[in-house]
Amino acid sequence: YMQDTSLAEANSFSPSMTISPSSMINQYKFEDEPELRDLFITVDDPESHITAIETFITYRVITKTSRGEFDSCEYEVRRRYQDFLWLKSKLEEAHPTLIIPPLPEKFIMKGMVERFSDEFIETRRKALHKFLNRIADHPTLTFNEDFKIFLTAQAWELSSHKKQGPGLLSRMGQTVRAVASSVRGGVKNRPEMFTEMNDYMETFSQKINVLDKIAHRIYKEEREYFNEMKEYGPIHTLWSASEEDIADSLKGIASCIDKCCKATEKRMAGLSENLLPILHEYVLYSEILMGVLKRRDHIQSELDSKMDALANKKADKDLCSEEIGKLEDKVECANNALKADWDRWKQNMQCDMRSAFGNMADNNLHYYEECLATWESFLASQTVDRHGEEDSEDRP
């Protein structure tokens, strides 16, 4: 069952795609690319591990692929949350101006679910599954060497790889990340497109955070309403035992409340499975994008400062010209990487939001239709009973 559930989540970028569990490889098309999909990942089977020092969960990661650079067509490894964190940091270091998908936070929001509860573990499993499949679907990240190692290496091999010193790309990434936060405001020669991206993200971040908070509040209130309703129905049943004349009506009301209670539970499940995770994922995405834009600005500001030094004749002309040439290439690469990723991210975000809000509308529609039909049926039965009583009273 878990395997089937995971398959249904496989390509969160293509909700309209047909999923065929029987044939995982070469059955998946990108919506925006003509090639057949050749890498499929499932995260399932969470397992608790208790040691003298800590308690942690590992997840099974199954990879099926037909790519030539993999030695086998199927891999099965176990990974813990820290391994996912390591992968995310390696991707950020290697690709500072690409949009790396978000991971669920280390600790979940208080008041929602307890850590290590089944609900928490399942929520995290889905998020980790989505994280890996977002990377697999990315035209550049999918070919990252650390990603391949994450999917294929046994635990001891991964530990050994993690201990190796950072390479050149990694060191560059760390430098960019360390100083990115020091870039404040706009850079002098920032292209208009990136200023527009910054403005868009500030508005997006504000709106998505408000939506996320309100959705959590609605879910909490819905849960409280559900708990009250669970007590509300049985009271009518108990009362009916001492009210012979209206016993049937009281039992009818109890039955209606019970049906509405079940419908409310279904609606809550829709909120927690479809809407809340999507909103929260994009709250995390908004933070990631702000960071990516800052890193792009830092690369641009490096070029600007060299140009200034050359203009003011404060540096060796030949050396400075060479450095400027390299930095211009670096800025162009960063700009092109971010432009392509931005368009892709925006398209996917709009698709995810349409799907989430469409699901929410469907859920609400079914909920109100179910509750309305339940109470209308009760009213109809009461009308029939009243007419029956009136007819018997009219008879001589």
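Every condition in (1) open to solvent by less than 50 Å² (accessible area, probe 1.4 Å); (2) in a strand (DSSP E or B); (3) at pLDDT below 95 holds for V61 except the one numbered (3). Here is the figure for segment 128-151: residues that are open to solvent by 30 Å² or more (accessible area, probe 1.4 Å) and out of contact with any helix residue (DSSP H, G or I) (no Cβ under 7 Å at 6 or more places or on another chain) total 5.
Just one of the listed residues (M290, M353) is closer than 30 Å to F226 by Cβ, of a type outside the set (D, E) and within 33 Å of the chain's Cα centre (by Cα), namely M353. Looking at A254, A247, A215, just one residue is among the hydrophobic types (A, V, I, L, M, F, W, C), under 30 Å from L284 (Cβ atoms) and in contact with a helix residue (DSSP H, G or I) (Cβ under 9 Å, 6 or more places away or on another chain), and that residue is A215.
The combined condition, being modelled with pLDDT of 95 or more and not basic (K, R), is not fulfilled by I246. Scanning segment 162-219 for residues that are assigned to a loop (DSSP other than H, G, I, E, B), open to solvent by less than 70 Å² (accessible area, probe 1.4 Å) and either farther than 30 Å from R79 by Cα or modelled with pLDDT of 90 or more (or both) yields S181, V183, G185, G186, V187, R190, P191. Selection of first residues in segment 239-259 that are closer than 17 Å to Y225 by Cα and touching a residue at least 60 places away in the same chain (Cβ under 8 Å) and of second residues that are part of a helix (DSSP H, G or I) and open to solvent by 50 Å² or more (accessible area, probe 1.4 Å), restricted to Cβ pairs under 6 Å at least 6 apart or on distinct chains, gives the following pairs, ordered by first then second residue: C256/W375. Considered as a group, the residues in segment 78-102 that are out of contact with any Leu (no Cβ under 9 Å at 6 or more places or on another chain) and not in a helix (DSSP H, G or I) include one that is least open to solvent (accessible area, probe 1.4 Å), and that residue is P96.
Just one residue in the set F70, F147, F84, F131 is hydrophobic (A, V, I, L, M, F, W, C), modelled with pLDDT of 95 or more and farther than 30 Å from H216 by Cβ; that residue is F147. Residue count for segment 260-309 satisfying the condition of being in contact with a Ser or Thr (Cβ under 7 Å, 6 or more places away or on another chain) and either free of Cβ contacts under 8 Å to residues at least 24 places away in the same chain or basic (K, R) (or both): 3. Among the conditions (1) open to solvent by 20 Å² or more (accessible area, probe 1.4 Å); (2) modelled with pLDDT of 50 or more; (3) under 30 Å from G358 (Cβ atoms), P15 misses just one, which is (2).
When you scan segment 232-248, do you find a residue that is open to solvent by less than 60 Å² (accessible area, probe 1.4 Å), aliphatic (A, V, I, L, M), closer than 26 Å to E376 by Cβ and part of a helix (DSSP H, G or I), even just one? Looking through segment 232-248, at least one residue is open to solvent by less than 60 Å² (accessible area, probe 1.4 Å), aliphatic (A, V, I, L, M), closer than 26 Å to E376 by Cβ and part of a helix (DSSP H, G or I). Only a single criterion out of (1) on the phi > 0 side of the Ramachandran plot; (2) open to solvent by less than 30 Å² (accessible area, probe 1.4 Å) is not satisfied by K313, namely (2). Restricting attention to segment 316-338, the residues that are open to solvent by 60 Å² or more (accessible area, probe 1.4 Å), out of contact with any helix residue (DSSP H, G or I) (no Cβ under 7 Å at 6 or more places or on another chain) and modelled with pLDDT of 85 or more total 5.
The values are calculated or read from the model by the stated rules, or taken from the named source; none is laboratory data. Because the structure is a prediction, the values reported are computed rather than measured. When we count neighbours, we look across all protein chains shown, and the Cβ atoms used for this are built from the backbone with ideal geometry, even at glycine. The protein model used for the area step is the full one, side chains on, heavy atoms only, and it has no ligands, DNA or RNA in it. Shrake-Rupley method; radii C 1.70, N 1.55, O 1.52, S 1.80 Å.
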